[in-house]
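Notes follow once the structure below has been shown.
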Amino acid sequence: MSKTIGNFTFIETSIEGVVIVEPKKYGDNRGYFMETYKESVFKEAGLNYGFIQDNQSKSKKGVLRGLHFQKSYPQAKLVRCIEGEVFDVAVDLRKGSPTYGKWEGVVLSAEKGNQFMIPRGFAHGFVVLSDTATFCYKCDELYHPEDEGGVMWNDPSIGVEWPGVGEILLSEKDKKHPSLKESKVVFDL
């Protein structure tokens, strides 16, 4: 189901709270303009988050970042790709959720300008599909490096269907994440 409010279309996914956001682009021969966030519209759509930190990364094709979360300070994230294209994934880690351990994914691209709203209680990751990609996200909690957690990007119990990009490039930290079962991560939300 989708609903359009102002300059945004909000598309529900198979996991409650995970929403694809499509901003309206206004363009002409000079380029384009679009709103990427408007608090009042997001609140009206039921996405009431107090974002307090913005982050940005740039990566080359095949880089996979994830699947990440913070253990004691979970973050809701509004993510988007401002250059290139990524496949973005959210994995439900909420205690008692009917979709615990399930994932939802979407291709985010600078061209489309689409976004992905990921609530607290999810692991998050993405893989770069284009030659390079610049990825941005708003968070409703500060980043706490000592609080990092993660699960294996290719955990068969989760079964994310990552698109083929050739060689997957992982950080040393991401190579060491446990499976979901081994991590025993559950968020009380």
Inset, instruction - Could you please find all residues in segment 61-93 being more than 22 Å from E22 (Cβ to Cβ) and either among the polar types (S, T, N, Q) or open to solvent by 40 Å² or more (accessible area, probe 1.4 Å) (or both)? - result: K61, R65, H68, Q70, K71, S72, Y73, Q75
Inset, instruction - Working carefully through the options S179, S109, S97, S183, find the one that is under 17 Å from the mean Cα position of the chain (by Cα) and among the hydroxyl-bearing types (S, T, Y). - result: S109
Inset, instruction - With respect to D140, determine if the residue is in contact with a Cys (Cβ under 9 Å, 6 or more places away or on another chain), within 23 Å of M34 (Cα to Cα), at pLDDT 95 or above and acidic (D, E). - result: no
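Here's the yes/no breakdown for (1) in contact (Cβ under 8 Å) with a residue 24 or more places away in the chain; (2) aromatic (F, W, Y):
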position	(1), (2)
T4	no, no
Y26	no, yes
N48	no, no
Q53	yes, no
E83	yes, no
Inset, instruction - Being assigned to a loop (DSSP other than H, G, I, E, B) and in contact with a strand residue (DSSP E or B) (Cβ under 6 Å, 6 or more places away or on another chain) narrows it down to one of L67, L142, so name that one. - result: L142
Inset, instruction - Might you let me know whether segment 87-106 holds any residue that is of a type in the set (F, W, Y), farther than 30 Å from Y26 by Cα and modelled with pLDDT under 95? - result: no
Legend entry - Pick from segment 34-58, criterion assigned to a loop (DSSP other than H, G, I, E, B) and polar (S, T, N, Q), ranking: least open to solvent (accessible area, probe 1.4 Å): T36
Legend entry - Residues of segment 1-33 that turn out to be among the aliphatic types (A, V, I, L, M) and open to solvent by 40 Å² or more (accessible area, probe 1.4 Å), as a count: 2
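Which residue is modelled with the lowest pLDDT, if the candidates are limited to segment 145-189 and must be in a strand (DSSP E or B) and closer than 22 Å to P119 by Cβ? Break it down into steps so the answer makes sense when it comes.
First pass over segment 145-189, keeping only residues in a strand (DSSP E or B): 148-150, 169, 187.
Those still in the list that are closer than 22 Å to P119 by Cβ too: 148-150, 187.
On the way: E148: 94, G149: 95, G150: 97, F187: 91.
The residue in question is F187.
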Inset, instruction - Residue by residue through segment 134-176, note down the ones that are closer than 20 Å to Y73 by Cβ and open to solvent by 30 Å² or more (accessible area, probe 1.4 Å). - result: Y137, K138, E141, L142, Y143, H144, P145, E146, E148, K173
Legend entry - Residues of segment 131-173 classified as over 14 Å from the mean Cα position of the chain (by Cα) and among the basic types (K, R), total: 1
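The values are calculated or read from the model by the stated rules, or taken from the named source; none is laboratory data. Since this is a predicted model, take the numbers as computed values, not measurements. Counting neighbours? That spans all protein chains shown, and the Cβs are built from the backbone with ideal geometry, glycine included. Ligands, DNA and RNA are stripped out before the accessible areas are found, and what is left, the full protein with its side chains, is counted by its heavy atoms. Shrake-Rupley method; radii C 1.70, N 1.55, O 1.52, S 1.80 Å.
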